[in-house]
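**Student:** A single structure is presented below for examination.
The values are calculated or read from the model by the stated rules, or taken from the named source; none is laboratory data. Small disclaimer: the values here were computed from a predicted structure and weren't measured. Here the Cβ positions follow ideal geometry from the backbone for every residue, glycine too, while neighbour counts run over all protein chains shown. For accessibility, only protein heavy atoms count, side chains too; no ligands or nucleic acids. Shrake-Rupley method; radii C 1.70, N 1.55, O 1.52, S 1.80 Å.
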Amino acid sequence: MKLVFLGPPGAGKGTQAEKVVSRYGVAHISTGDMLRSAIAAKTEMGAKAAEYIKNGQLVPDDVVIGIVRDRLAQDDLEKGFLLDGFPRTVAQAEALDTMTDLDAAILLDVDLEQLIARIAGRRVCKDCAATLHVSSLQGDRCPHCGGELIQRADDREETVRARIDVYLMQTLPLVEYYKGKKLLRSVNGAGSVEEVFQSIQQVLKEFE
Ligand code: AP5
Ligand code: MG
């Protein structure tokens, strides 16, 4: 399966990716996670990316396209991959088309008002990187590994609004792009995590 997740910040791409990966064995390729790892490792690329991410702006196309090209060249993709957060511009989508043939682009469709509440309550485990929400947490440690829970640096409300604007301006055109290629599958992302995963599994039946 060669898949792309499309959807605004907070739509649940990372949350659903964890479930798709454990059910289908595809590789999870999240450009956001890769950029945050580069920042944590204090690489030169990480230092450049940090400025953009902090302000809710997109990292330049050539940087992210390079990261994805290198990742898709690795040899652990026998079962396929799920791209989460890439492509985000038409230029990135066109570059991806030169690297591989996709099976589907799955849009997680969620009302914009819901996104702020989801992101404001998001916590990420520092140790196992699990994505959680305060509404379902008991205590302040990760329920999976006991690790420390942190808030992402770009999850302040002001930055989230900038990220949503960037999504509407630069990423939303990809919905038409993939519709035109007959690859778009739209899933209602507003239900519970399990309900959304059920809908995604319906879509993926086509490719099993
Ligand atoms: P990235 O890390 O990709 O962030 P994003 O697209 O803004 O999306 P998020 O990770 O915020 O949301 P998500 O859809 O994964 O939601 P989640 O599952 O966590 O990018 C960050 C930055 O990196 C960008 O701003 C940019 O600067 C840079 N970047 C990355 N890729 C790039 C690219 N290709 N080009 C240029 N720059 C790039 O869920 C959110 C919360 O909601 C969680 O708390 C979760 O528990 C909760 N939740 C999830 N599903 C549900 C549900 N069904 N019901 C209730 N709560 C739910
Ligand atoms: Mg994410």
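**Student:** Which value, in Å² and to the nearest 10, is the accessible area of Leu137 when all protein chains are kept and the probe is 1.4 Å?
**Tutor:** Counting only protein heavy atoms, Leu137 exposes about 40 Å² to solvent.
**Student:** Still on this structure, I have one more. Using +1 at the Cβ of each Lys and Arg and -1 at the Cβ of each Asp and Glu in segment 36-112, identify which of Ser37, Pro87, Val110 lies farthest towards the dipole's positive end.
**Tutor:** Ser37
**Student:** OK, next. Charges on Cβ only, +1 for Lys and Arg, -1 for Asp and Glu, centred on the Cα centroid of the chain; of Ala120, Pro8, Val68, which one is farthest towards the dipole's positive end?
**Tutor:** Ala120
**Student:** Quick check for me: using +1 on Lys/Arg Cβ and -1 on Asp/Glu Cβ, what's the dipole size of the chain about its Cα centre, in debye to the nearest 20?
**Tutor:** 220
**Student:** Given the chain reduced to its alpha-carbon atoms as identical point scatterers, what log10 I(q)/I(0) does the Debye formula return at q = 0.07, 0.16 Å⁻¹?
**Tutor:** Normalising to I(0) and taking log10 leaves -0.19, -1.16.
**Student:** Then there's this: Can you tally the lysine pairs in segment 35-147 where the Cα-Cα distance is under 24 Å and the two residues are eight or more apart, or on different chains?
**Tutor:** So the count works out to 4.
**Student:** Based solely on its DSSP helices, what 222 nm [θ] is calculated for the chain when runs of n ≥ 4 H residues each add -39,500 (n - 2.57) and the sum is averaged over all residues, nearest 500 deg cm²/dmol?
**Tutor:** Here the helix-only value at 222 nm equals -13500 deg cm²/dmol.
**Student:** Right, next: Please report the accessible area of Glu51 (heavy atoms, 1.4 Å probe, ligands and nucleic acids excluded) in Å², nearest 10.
**Tutor:** That residue has around 100 Å² of solvent-accessible surface.
**Student:** Please report the carbon-and-sulfur percent of the accessible area for the chain; probe 1.4 Å, protein heavy atoms only, DNA, RNA and ligands left out.
**Tutor:** Carbon and sulfur together cover 50 percent of it.
**Student:** Let me ask something else about it. About the Cα centre of segment 139-208, what is the dipole size in debye to 20, counting +1 per Lys and Arg Cβ and -1 per Asp and Glu Cβ, all else neutral?
**Tutor:** The dipole magnitude comes to about 380 debye.
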